[in-house]
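All of the numbers you see were taken from the coordinates with simple rules; none came from a lab. The model shown is predicted, which means the values in this text are computed figures rather than measured ones. Ideal geometry is used to build each Cβ from the backbone, glycine not excepted, and the neighbour counts take in all protein chains shown.
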Amino acid sequence: MIKLLDLLKGTIHDPFTGELYEGLIYTADIQSVSNILKKKYKNDPEVYAITSQYDAILIGLKLNCPNSKTIKHLSNIEYPKISELLQLMNNLGYYPSDIESSTSKKEVYTNTNLKTLLKTTPDKLWIQFEKKYDKVIIPPKFIYHATPIANQSKITKIGLIPKTNSKIGYHPGRVYFGINEKSTIELWDDLKQYVVNKQGILLTIDTTKLSNITFYIDPQADDAIYTYDNIKPESIINIKKI
């Protein structure tokens, strides 16, 4: 699996050779990346589709997979075009989040999942790439985080630790915050249906008590931000039930 530390350093491991690719520590804008890809692969029959939507880029590949009945060690077969794409997108500041093929449904991207999928000898493969980094923002003095009440004891001891919670696509661990109390509680009201007892707590974080923490704008919400960093418990100045 891609390691969060590697993502933050701008690196990725080739799924076939294990080679380490170093990339940018920022993300190029999606339109420029789309133009670069379309120009590079304009006459390449192996790359048949490049589409961009919101903050993701979907790339379709035509594969000339070996017949699994005749190749004894299929897991050792390399696909240079896939490696090339992973390295290029990493260099542009994007990471592979999920994969799908003509023989399988969409699933989280990991090197292991990719190899397993390729064993089914698909003729088409789709890889979705998402931004490693969104726009950096200086947060307001107070930000808010809603979570199940069952997490309170652990949070008061170790603070907030980024986790990967996406069930559809791979996502480097983040901690999300609302920039105002009202919108954060409204978000909790939408999420609490998935909590066993539907009881939650609202944390108020004083960002002046944090140092060396980078926050990014959440492109899918007008009043939300996130960080890849740990939030120490000393910065949590208030906890109340919601």
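Remarks
- The dipole here belongs to the chain: it is taken about the Cα centre, uses +1 on the Cβ of Lys and Arg and -1 on the Cβ of Asp and Glu, and is about 540 debye.
- Charged neighbours of residue 201, selected by a Cβ distance under 15 Å, balance to +4 (K, R count +1; D, E count -1).
- Each Lys and Arg contributes +1 and each Asp and Glu -1, all at the Cβ; summed about the Cα centre of region 190-242, the dipole is approximately 380 debye.
- The lysines within cross-link reach of residue 198, meaning a Cα-to-Cα straight distance under 27 Å and a gap of 8 or more places when in the same chain, are 154, 157, 163, 167, 182, 232, 240, 241.
- Fewest neighbouring Cβ atoms within 10 Å first, the residues 38, 241 line up as 241, 38.
- Positive-end residue of 215, 13, 183, charge dipole of the chain with Cβ unit charges: 13
- When the alpha-carbon atoms of the chain are used, the pair Rg, Dmax equals 20.6, 64 angstrom.
- Three principal axis extents describe the C-alpha atoms of region 136-241; from largest down they are 35, 31, 24 Å.
- Rounded to 10°, Cα long-axis angle of helix 30-40 versus longest principal axis of the chain: 10 degrees
- With Cα atoms, 0 to 90° folded angle of helix 80-91 axis to the chain main axis: 30 degrees
- Rounded if a/c under 1.5, otherwise prolate or oblate - region 186-233, Cα gyration tensor axes: oblate
- Local electrostatic count at residue 154 - Lys and Arg +1, Asp and Glu -1, tallied over other residues with Cβ under 14 Å: +3
- When each of 153, 104 is scored by the number of other beta-carbon atoms lying within 10 Å, the sequence from fewest to most is 153, 104.
- The angle between the Cα long axis of helix 181-191 and the longest principal axis of the Cα atoms of the chain comes to about 50 degrees, rounded to the nearest 10.
- Sequence-ordered 3J(HN,Hα) estimates for region 41-46 from the Karplus curve with 6.51, -1.76 and 1.60 and θ = phi - 60° stand at 9, 4, 10, 9, x, 7 Hz, glycine and proline given as x.
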